[in-house]
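Trainee: What follows is a single structure, and I will ask about it in a moment.
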Amino acid sequence: MERLVERLEKAVERLETVCQGSGMCADGSSKGVAQYVQAFDALLAGPVAEYVKISKEVGGDVQKHAEMVHAGLMSERALLVMASQHQQPTESAFSSLLKPISEQIQVVQNFREKNRGSKLFNHLSAVSESIPALGWVAMAPKPGPYVKEMTDAAMFYTNRILKEYKDVDKKQVDWVKAYLSIWTELQAYIKEYHTTGLTWSKTGPAAMEGAKSPSAAPAGAAPPPPGPPPPPAPAPTSSSTDDSASRSALFAQINRGEGITSGLRHVSDDMKTHKNPALKNQGGPVRSGPKPFTAPKPACNANPSQKTSPKAPALLELEGKKWRVENQENATNLVISDTELKQVAYVFKCTNSTLQIKGKINSITLDNCKKLGLVFDDVVGIVEIINSRDIKVQVMGKVPTISINKTDGCHVYLSKNSLDCEIVSAKSSEMNVLIPAEGGDFTEFPVPEQFKTVWNGQKLVTTVTEIAG
């Protein structure tokens with residue numbers, strides 16, 4: 001991480017030196033840099049700089065994430081500079097040019113996956129869900145709506161941040177506004193300069209991997225600022241089924257509009273097997289055109305020996321302020337009793353087990369668990385259940401919010417003191433909330449999974465369908 005920061009600082013220093021020496025960054029009339037590159041520089045100096053500044057004030061994982069996002073934006077700027085000086089490249093060359101951006105998107109998303117126990121996990125998730133918006137350069141003919149779609153994907157988490165910190169920490173609210181403004185401004189930028197796709201120069205050589213800017217700048221203009229340093233190598237691909245992660249890995253190859261068929265070859269009658277049965281008996285493939293697109297297979301583990309390594313060890317330990325409960329199987333008497341208000345619990349890949357957490361704790365996260373029972377006293381923040389199956393949660397005291405995300409089968413037993421709990425669900429099924437009744441019994445209520453949306457002439461109105469109860 002320190003190396004990444006050093007490389008970013010050097011790149012910024014070089015950019016500032018060129019700007020100060022030529023006046024290009026301050027003078028919009030400069031002839032040395034394309035107008036849309038100057039406009040992108042304004043976005044970097046405005047919303048992006050504000051986001052990085054506030055992220056640094058928040059510190060921790062948010063600051064590290066912001067540095068990765070900034071590296072991705074600098075990689076995108078390098079592509080814009082190239083596009084302003086080169087003609088549109090071939091499909092294969094363009095895919096190679098997009099690789100630094102695609103890799104940096106993966107770096108951002110992998111950081112979230114590796115820090116699921118972070119107390120700022122909502123911040124990491126908001127960024128991770130929306131960072132594929134950098135792939136707008138490969139989207140045609142509607143790059144602007146694509147950025148809007150990616151921005152909307154972050155709203156679930158930004159709303160949670162606003163709800164948690166609205167009356168507690170104004171800096172966190174400012175962080176949300178600064179981050180979302182990047183994508184809002186980017187949509188306006190695309191609408192003005194790249195409405196139907198990335199704009200390429202009509203002169204100059206065709207762009208290709210490793211291409212450099214022309215050595216001779218136009219008369220009277222300073223050479224364009226150097227591109228950013230190469231991004232760090234991406235971390236191993238996560239096995240998460242997150243749709244946005246898959247989309248970012250493939251954006252360089254898909255959504256090319258009508259151009260995706262440009263490489264197909266016409267098949268004449270003498271090449272058709274139904275008109276030439278003899279072709280069926282011939283060996284080898286008949287087709288000589290390009291292979292159809294297929295999604296790439298998950299990357300193989302860099303260390304083959306890990307495939308035969310033993311299971312990860314079972315953990316139940318306190319690491320700083322985080323209780324780690326991991327890889328527990330058939331453990332029916334797990335107990336965490338020595339708790340403090342500032343502590344969090346992160347339960348990962350536990351199967352057919354039962355966990356009891358006594359006392360008051362800040363938050364609890366269940367991730368990739370199956371057939372797990374959780375009993376706890378009090379939580380001051382949130383209980384989050386994600387990527388899990390057959391979960392039972394019982395509240396003995398009080399909890400303000402329970403989030404269920406990408407989970408099949410979840411029963412939540414509320415106490416009389418927690419009846420005002422808010423239950424937020426997304427992409428989940430078979431959810432039931434059980435309310436305490438007289439005599440110690442519980443009354444079960446299903447959480448709706450199916451909705452009906454209609455247009456009432458002014459706005460969309462969504463209601464629960466009758467079949468969903």
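Trainee: Could you please tell me which pairs satisfy a Cβ distance under 8 Å, a separation of 6+ or placement on different chains, a first residue in the range 36-53 that is of a type in the set (D, E), and a second residue that is outside any helix (DSSP H, G or I) and open to solvent by 30 Å² or more (accessible area, probe 1.4 Å)?
Mentor: D41/C25
Trainee: Only one residue in S418, S403, S388, S428 is closer than 27 Å to Y165 by Cβ and more than 30 Å from the chain's Cα centre (by Cα), so which one is that?
Mentor: Only one candidate passes the filter, namely S418.
Trainee: Please work out which residue is farthest from G373 (Cα to Cα), limiting yourself to the range 431-459 and to residues that are open to solvent by 90 Å² or more (accessible area, probe 1.4 Å) and more than 27 Å from the chain's Cα centre (by Cα).
Mentor: Ranking the candidates gives Q458 first.
Trainee: Still on this model: If P231 satisfies all but one of (1) over 24 Å from the mean Cα position of the chain (by Cα); (2) modelled with pLDDT under 60; (3) within 27 Å of K142 (Cβ to Cβ), what's the number of the condition it fails?
Mentor: It is condition (1) that P231 fails.
Trainee: How many of the residues in the range 115-137 are touching a helix residue (DSSP H, G or I) at 6+ places or on another chain (Cβ under 6 Å) and over 19 Å from V48 (Cβ atoms)?
Mentor: 5
Trainee: Please go through the range 75-115 and pick out each residue that is open to solvent by less than 20 Å² (accessible area, probe 1.4 Å), part of a helix (DSSP H, G or I) and closer than 16 Å to Y36 by Cβ.
Mentor: Passing the criteria: E76, R77, L79, L80, V81, A83.
The values are calculated or read from the model by the stated rules, or taken from the named source; none is laboratory data. For clarity, every value in this text was computed on a predicted model and none was experimentally measured. Note that we place each Cβ from the backbone using ideal geometry, even for glycine, and neighbour counts take in every protein chain shown. Surface areas here come from the heavy atoms of the whole protein model, side chains and all, with no ligands, DNA or RNA. Shrake-Rupley method; radii C 1.70, N 1.55, O 1.52, S 1.80 Å.
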